[in-house]
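The values are calculated or read from the model by the stated rules, or taken from the named source; none is laboratory data. Given the structure is predicted, the values throughout are model-derived calculations rather than measurements. Because the Cβ atoms are built from the backbone with ideal geometry, glycine has one as well, and the counts that use them run over all protein chains shown.
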Amino acid sequence: MGKYAKWVGGGLGWFVGGPLGALLGFAMGSMFDGPRKNEQTNNYRGQAYKTTAGDFALSLIVLIAAVMKADGKVVRSELDYVKNFFRTQFGADTAGEALAMLRDLLKQDIPVADVCRQIKKNMEYSSRLQLLHILYGISAADRDIDKRELKAIEAIASNLGISEKDRMSIENMFIPSTDAYYKILEISPDVSNDEVKKAYRKMARKYHPDMVNHLGEDFKDIAQEKFRKVNDAYENIKKSRNMS
């Protein structure tokens with residue numbers, strides 16, 4: 001259990017058991033009985049779940065592995081980008097542990113649909129959006145995005161129960177298409193100025209960093225980055241329309 005100390009020490013809730021637990025050898029939940037830190041009880045669709053920073057971090061590593069395997073090869077540059085991401089988010093020591101987990105996972109067959117179903121069942125929507133944001137960010141980091149990786153992320157988003165508008169919003173934060181700023185706000189360019197303002201307020205609430213406070217300091221900066229991209233999109237639309 002030592003090499004997973006960062007997240008096990010922070011508490012694991014629903015990650016233990018199921019396809020996720022099996023992938024990293026956490027099939028026996030009794031190993032982690034007792035008080036857990038950084039837990040938040042969520043009430044999602046009328047059911048209570050315990051979401052922890054450990055649940056999120058380990059789910060993320062499994063999904064990163066699934067995306068990296070999508071094109072049938074894992075190149076050194078991809079591992080370097082992911083290593084840098086882990087180092088920035090978790091620090092050097094934990095980055096080494098995370099990379100070791102990732103290398104183990106890359107050797108395994110990952111039942112992606114089953115994994116996503118477990119996450120969808122237990123994780124609140126705002127945290128699932130955060131997962132998707134990170135997957136797109138890592139995939140776009142080297143500016144050489146494989147279409148098979150994008151297809152894999154699209155499938156993950158669908159299996160996580162993320163709406164197509166939300167998926168497109170996040171994709172356009174990293175891979176801008178025509179009218180990207182409008183797509184980030186989930187509106188079309190022909191809407192009125194009042195509708196632009198209304199859409200901005202809605203997206204600002206949806207992507208506000210407070211929505212994922214329970215994930216802890218490790219993911220605070222990424223949540224703020226997503227919020228900044230919504231603000232940037234709004235400011236660019238305002239400027240193009242001469243809105244006050």
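Within the range 26-42, the presence of a residue that is at pLDDT 80 or above and either surrounded by 12 or more Cβ atoms within 10 Å (Cβ to Cβ) or not in a loop (DSSP other than H, G, I, E, B) (or both) is excluded. Hey, could you check the range 66-87 for residues that are among the aliphatic types (A, V, I, L, M) and in a helix (DSSP H, G or I) and say which is nearest to LEU150 (Cα to Cα)? My answer is VAL67. Residues that are crowded, with 16+ Cβ neighbours inside 10 Å and within 18 Å of the chain's Cα centre (by Cα) within the range 84-110 comprise PHE85, PHE86, ARG87, GLN89, PHE90, ALA95, ALA98, LEU99, MET101, LEU102, LEU105, ILE110, listed in sequence order. Residue-level check: of (1) under 30 Å from THR94 (Cα atoms); (2) touching a residue at least 24 places away in the same chain (Cβ under 8 Å); (3) surrounded by 13 or more Cβ atoms within 10 Å (Cβ to Cβ), ILE184 misses just (1). Considering only the range 136-177, state which residues are more than 25 Å from SER188 (Cα to Cα), assigned to a loop (DSSP other than H, G, I, E, B) and either among the β-branched types (Val, Ile, Thr) or out of contact with any helix residue (DSSP H, G or I) (no Cβ under 7 Å at 6 or more places or on another chain) (or both). Result: ARG143, ASP144, ILE145, ASP146. With respect to ASP71, determine if the residue is surrounded by fewer than 19 Cβ atoms within 10 Å (Cβ to Cβ) and modelled with pLDDT of 80 or more. Taking the combined requirement at face value, the residue does not satisfy it. The helices (runs of 4 or more DSSP H) falling completely within the range 180-244 that include 2 or more residues that are among the acidic types (Asp, Glu) map to 193-206, 220-241.
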